[in-house]
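Please read the structure below before turning to the comments.
The values are calculated or read from the model by the stated rules, or taken from the named source; none is laboratory data. What you see is a predicted model; the values in this text were computed from it and never measured. Quick reminder, even Gly has a Cβ in these numbers, built from the backbone with ideal geometry, and neighbours come from all protein chains shown.
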Amino acid sequence: MNTLRLTCSVLALNLSLAALAQEPVEPAINAEEQEMVVWLDEREEEMLALLERITNMNSGSLNSAGLDAVAAVFDEELRGLGFSTSRLPGELIEMPSCPGSEYSVDLADHLLARRPGNGSRLLLMGHIDTVFPPDSPFQTFRREGDTIYGPGVADMKGGLVVMLYALKALAAADALDEAAFTVLLNSDEEMGSLSSRKYLEEEALNHDWGLVYESSGIDTMTRQRKGIGQARLVVTGRAAHSGGAHEQGLSAIKELAYKIVQIENMTNYETGLTVNVGVVNGGEARNTISPCAEALIDLRYPQPEQGVAAVELWREIFERVYSYPVDSGEITTESYINLHRPPKIPTPESDYLLDKTIAIGRLLGQDIGIVDSGGGTDGSLTQGVGLPTIDSLGIAGSGAHSNREEARASSLAERAALSAVLIRRLTRE
Ligand SMILES: [Zn+2]
């Protein structure tokens with residue numbers, strides 16, 4: 001008897017593990033779900049109109065007026081669906097810099113919306129900022145057939161429209177009460193979520209599933225992502241006339257150049273760790289030994305321990321003086337270092353969520369493949385604190401962060417339908 005019971009429970013455990021490990025078998029799309037699909041199909045033009053409107057509103061990461069304006073659009077829409085909304089304060093983050101190039105980022109507020117309900121607790125996420133400042137030449141929405149162009153159409157204003165319309169379709173089907181929803185739209189994702197990270201991680205702890213509406217290419221979703229780190233490095237030396245007193249100078253540019261070689265040499269394609277010195281600035285004049293030089297550095301790392309080791313190495317490189325044989329202590333280095341996104345490492349639960357989404361997509365006639373990515377999303381933060389998160393539910397698009405950014409118009413309704421069915425099924429589990 002006891003043996004039998006034990007066998008049964010072992011069997012049940014094995015079955016549930018197997019269920020997690022295999023692609024879920026999803027039942028066919030039912031009549032209620034089909035109604036949502038049709039409802040969304042009929043709203044393609046409405047979705048495009050909203051996307052055009054918000055794409056034409058500049059919301060570069062440091063344009064707080066533009067960010068507030070886009071947030072206000074979603075604030076109103078979400079209140080219309082019964083959400084209560086509030087703003088989470090942004091933050092002024094100051095970083096070391098050379099005199100005259102003071103560098104600080106004044107991050108705008110974020111939008112939080114909640115709608116209580118029974119059943120699963122879902123955290124829906126997206127960012128309202130783009131990488132295009134108000135003086136960028138790339139500012140306007142344009143449509144040619146099924147292709148739309150514009151700053152943020154893929155990354156990720158298209159995704160915000162997908163998210164909103166998935167919720168609207170659920171509301172039209174009277175299904176919004178079946179789950180507790182939190183929507184968190186941050187304004188600093190493109191800056192590394194430096195001020196919103198704490199809110200995202202806090203919310204993640206109180207939810208069952210995380211859904212991020214980033215784009216992940218045309219017909220793919222992302223399973224695994226590298227972690228991301230950043231550093232800002234400021235080297236100070238001593239100015240001198242390059243002709244009359246060369247030997248009295250200590251060149252910050254020369255020292256930074258040595259450091260850059262060390263930093264760039266950390267890249268190792270075999271381990272997947274890459275480092276990029278993306279911006280350098282420094283010096284005052286051709287005939288002045290430079291008293292200050294600075295650099296912005298990007299780090300990508302597949303495993304958490306690689307990030308920690310890279311930071312240790314950065315600190316050594318930053319502290320050491322390479323350029324002058326005798327370190328007089330006058331060459332100094334200040335730095336800002338932040339591992340702002342952990343790697344997104346799949347778990348059985350996040351694989352279950354991804355596979356379920358792909359399986360539902362197939363039922364809806366959407367053939368979506370799976371890729372790994374070196375790019376980051378806020379899903380890495382929420383998954384990093386234990387919330388199973390899918391991070392690429394947004395529009396089908398490409399060319400993000402460039403003036404070639406584009407997306408597929410018809411994918412708005414398709415992806416919204418995918419999301420609406422996914423949410424509906426998650427709430428009933
Ligand atoms: Zn994005």
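Residues in the stretch 137-168 that are of a type outside the set (D, E, K, R), part of a loop (DSSP other than H, G, I, E, B) and either away from the ligand (no atom under 16 Å from the Cβ) or out of contact with any Pro (no Cβ under 9 Å at 6 or more places or on another chain) (or both): P137, Q139, T140, F141, G145, G150, P151, G152. I'd like to check something: does the stretch 380-391 contain any residue that is modelled with pLDDT of 95 or more, in a strand (DSSP E or B) and polar (S, T, N, Q)? Yes, the stretch 380-391 has at least one match. The single residue among L387, L363, L381 that is in contact with a Pro (Cβ under 8 Å, 6 or more places away or on another chain), in the same structural domain as S215 (by TED's automatic domain parsing) and either of a type in the set (A, V, I, L, M, F, W, C) or surrounded by 23 or more Cβ atoms within 10 Å (Cβ to Cβ) (or both) turns out to be L381. Taking the numbered list (1) out of contact with any Ser or Thr (no Cβ under 8 Å at 6 or more places or on another chain); (2) within 15 Å of the ligand (Cβ to nearest atom) in turn, T377 passes all entries but (1). Yes or no: D129 within 16 Å of the ligand (Cβ to nearest atom) and charged (D, E, K, R)? Answer is yes for this residue.
With A239, A166, A154 as the choices, which residue is among the aliphatic types (A, V, I, L, M), more than 24 Å from N56 (Cβ to Cβ) and over 12 Å from the mean Cα position of the chain (by Cα)?
Only one candidate passes the filter, namely A239.
A single member of R232, R225, R238 is touching an Asp or Glu at 6+ places or on another chain (Cβ under 9 Å), of a type outside the set (V, I, T) and closer than 23 Å to L353 by Cα, and it is R225.
Looking only at the stretch 71-94, residues that are under 19 Å from T182 (Cβ atoms) and among the β-branched types (V, I, T) come to 2 in all. Residues of the stretch 207-227 that are away from the ligand (no atom under 16 Å from the Cβ), farther than 30 Å from Y269 by Cβ and either part of a strand (DSSP E or B) or of a type in the set (G, A, S) (or both): W209 alone. Taking the criterion of being assigned to a loop (DSSP other than H, G, I, E, B), within 15 Å of the ligand (Cβ to nearest atom) and either out of contact with any Pro (no Cβ under 7 Å at 6 or more places or on another chain) or not assigned by TED's automatic domain parsing to the domain that holds D129 (or both), the residues of the stretch 392-428 that qualify are L393, G394, I395, A396, G399, A400, H401, S402.
For the stretch 208-222, indicate whether the set of residues that are surrounded by fewer than 18 Cβ atoms within 10 Å (Cβ to Cβ) and in contact with a Pro (Cβ under 7 Å, 6 or more places away or on another chain) is non-empty. No, there is no match, as no residue in the stretch 208-222 is surrounded by fewer than 18 Cβ atoms within 10 Å (Cβ to Cβ) and in contact with a Pro (Cβ under 7 Å, 6 or more places away or on another chain). Of all residue pairs spaced 6 or more apart or on separate chains, those with beta-carbon atoms under 6 Å, a first member in the stretch 65-82 that is within 15 Å of A171 (Cβ to Cβ) and a second member that is part of a helix (DSSP H, G or I) and small (G, A, S) are L81/A171.
What are the residues in the stretch 177-206 that are surrounded by fewer than 21 Cβ atoms within 10 Å (Cβ to Cβ), more than 16 Å from the ligand (Cβ to nearest atom) and not hydroxyl-bearing (S, T, Y), if any? Result: D177, E178, A180, K198, E201, E202, L205, N206. Before we move on, is I423 in contact with a Phe, Trp or Tyr (Cβ under 9 Å, 6 or more places away or on another chain), touching a residue at least 12 places away in the same chain (Cβ under 8 Å) and within 18 Å of A173 (Cβ to Cβ)? Criteria met by I423. Of all residues in the stretch 144-155, those that are closer than 14 Å to I128 by Cα have Cβ atoms under 6 Å from Cβ atoms of residues that are assigned to a strand (DSSP E or B), 6 or more apart or on another chain, in P151/T130; G152/T130; V153/A407; A154/G397; A154/A407.
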